[in-house]
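Derivation of every value follows stated rules applied to the coordinates shown; laboratory data play no part. Everything numeric in this text was worked out from a predicted model, so none of it was measured. Positions of Cβ are backbone-derived with ideal geometry, glycine not excepted, and every protein chain shown enters the neighbour counts.
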Amino acid sequence: MKVFKPIVILIFILITSCNADNKRYNTMYHYQLKFFKKEFVSHMDIATNPSFSYSISKSGEYNVTGIILTDKNDYKTYKNIYDTIAKVAIASYLPTDSCLLVINMFTTQKNLTHKKRKANSLELELLERDCLRDKLPIPNFYDFDAEVKTRCKLSEDYELYVLEAKKGIYWDEKYLTDGRYMPTEWKHGYSKGVAFNKVNYNIIYWFEIW
């Protein structure tokens, strides 16, 4: 037994340390969430598991202000959340849909910091297509996978559900962008929703305002 005691102690220390790190990360996430109005992120105040991750953008520094949380789940949890969201969503889209209203759809990793970049004539034409008029905005997930070719940059395994989306100014303008990559009627607005990956049970929660 004496031989195994150091190993047992080490394992206990590692588990304790890991749990402490997870708790700090979770606490930091909920602290960051308070930056936004409660109604903006009400769907994101969830009991997350240790594998969740999030990214946040404030004051429009990345052409949008918002927060995205990614949470991997077991099938049962995934199915329960999916069924709940699907019932209350006001719109649903697939990444492979031929016409999607993607927030700042021309933003990429390469041009992310180009603040003075303007949409060219071809891009402006795409922004004003008739098919976009009845669509609700969804995020540009440009930093998820550079190899994905869909307009929203999510793989075809996902389904996106919009919970709420409104046109206009709904927050202090210091948090908003200039709307340079949006259609005229959606120059400012916000979108909140959830995306589901039916293959690996990944769930992505989003809120974005611009």
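Note on Trp171, Trp206: ascending count of other Cβ atoms within 10 Å places them as Trp171, Trp206, the fewest first. Where a ≥ b ≥ c are the square roots of the eigenvalues of the C-alpha gyration tensor, would you call region 55-210 rounded, which needs a/c under 1.5, or, failing that, prolate if a/b is larger than b/c, or oblate? Prolate, because a/c is 1.5 or more and a/b exceeds b/c. Listed by chain and number, the aspartates and glutamates whose alpha-carbon sits under 13 Å from that of Lys167, ignoring those within fewer than 8 places in the same chain, are Asp134, Glu185, Glu208. In this structure, the pairs whose alpha-carbon distance is over 28 Å, taken from Lys72/Lys192; Lys58/Lys187; Lys34/Lys149; Lys23/Lys76; Lys79/Lys192, are Lys34/Lys149. Residues Thr150, Thr96, Thr177, arranged from fewest to most other Cβ atoms within 10 angstrom of their Cβ, appear as Thr96, Thr150, Thr177. Compared with the alpha-carbon gap, the fully stretched path from Tyr75 to Asp97 is longer by 5.4 nm at 0.36 nm per residue.
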